Structures are given as C-alpha cells and as structure tokens.
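Read the figures in this text as sums done on the coordinates, not as results from a lab. Just so it is clear, the model here is predicted, and its values are computed rather than measured. Glycine also receives a Cβ, built like all others from the backbone with ideal geometry; neighbour counts cover every protein chain displayed.
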Amino acid sequence: ANALGNMGAVYREQGDLEKAIDLFLASDSIQIRIDDKRGRILSLSWIGDIYFHKGNYRKALHYAEKANDIAQKIGALNSLFEVQEYLYNIHKALGNDKQALLIQEQQLKLQDSLFAMDGKQASMRFEIELAYGLKEQADSIQNQNEKNVIKVKHELELDQEENKRLALYGGLFLLLVF
C-alpha cells in the first residue's frame, strides 16, 4: 500500500494525474483490507488534492470528507488539521463561504489544541531532562563524597601509621637513653 502511494506521489509530481489517482485508489483498497486508517487518510487526501487541482471540486470534497471522517474517528489531530485545510480550500472554491468559515474556525481550535499539546510535551520533556540532570548531579556529588571519604580514611590510616612509627622510635630512643 505504501509503495503504491509513493508511486502515486511520483506520478502526481510528473503531472500524470490519472495514473496517480489509480495508484492512490489501489493503495486505499489495500489499506481498507489491512485496516490502515492513517494510510487511508493520506491516500484519500492525495486523491482529493488531485481532483481539486483538476477543478473537480465535488469529487475533491467527497474524498476530503472521507479523510476528515477517518481522522476524526481515530483522533489523528495533525492529519485532521491538514485535511481541514483541504476542506476549507474546496468549500471556498465551491462558493460555500459559510461552510469554509466554519471549517476554518474548527481548524483554528484544532491548531490551538495542537499548540497546547506541543507546549505540554515540551514542558514534560523539560521536566524529565531537569529531573535527569538533577539525578545525574546528585550521583556525581555522591560519587565525589565517596571519593572524599576514601581519601580521608586513607589519610587517617597514614597518620595512624606515622604516629605508631613515631611512638616506636620514641620508645626505642627512651630505651637507648635509659
């Protein structure tokens, strides 16, 4: 299905719109069988876009509305935003200004939702990075503290050995003197 869709996109770019539509329809047929709803949104959107550019606004509307319905059902917000852009342009071309305005208002609300979601995701990402940074910093401090404890213990052991040595030398000196 993806290969057919990619081939359809190539034919569309080359200007062979009929071949592109055939390939997108074949891709859609497979996507129906394998229940690939996101793939269907893309195929149906491409078909609608081709019909729009050919000036067949009724067929463009038919495919864009199908894509819109699927995007709404599965909650594919980014896809829904793009499909609504197609629907807005189609309704404007058909002279359905009220419907175009309604879609544009829905699209603006959706854009706000997407922006808010992006903001929340960025905030969550920042909090995770901050927590990770603090954990890493705490680990680093703990490691440094452990190294300092080992160093102090080692210095104490050396001091104790030095004190023992001095005491031994002092005792030997006293024995030799008396």
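A compact table of results
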| quantity | calculated |
| --- | --- |
| For region 45-88: span of alpha carbons on each principal axis (Å, largest first) | 29, 15, 13 |
| Rel. contact order, % - alpha carbon contacts under 8 angstrom, at least six apart, region 1-85 | 22 |
| Net charge over other residues, Cβ less than 15 angstrom from the Cβ of residue 163 (K, R count +1; D, E count -1) | -3 |
| Pairwise centroid distance, computed over Cα atoms, of region 57-116 with region 1-30, Å | 22 |
| Under the Karplus curve 6.51 cos²θ - 1.76 cosθ + 1.60, θ = phi - 60°, whole-Hz ³J(HN,Hα) for region 50-67, x wherever Gly or Pro sits | 5, 4, 4, 5, 7, x, 8, 5, 5, 5, 4, 4, 4, 6, 5, 5, 4, 4 |
| Dimensionless Rg/Rh of region 1-105 - Kirkwood Rh, Rg from C-alpha atoms | 0.98 |
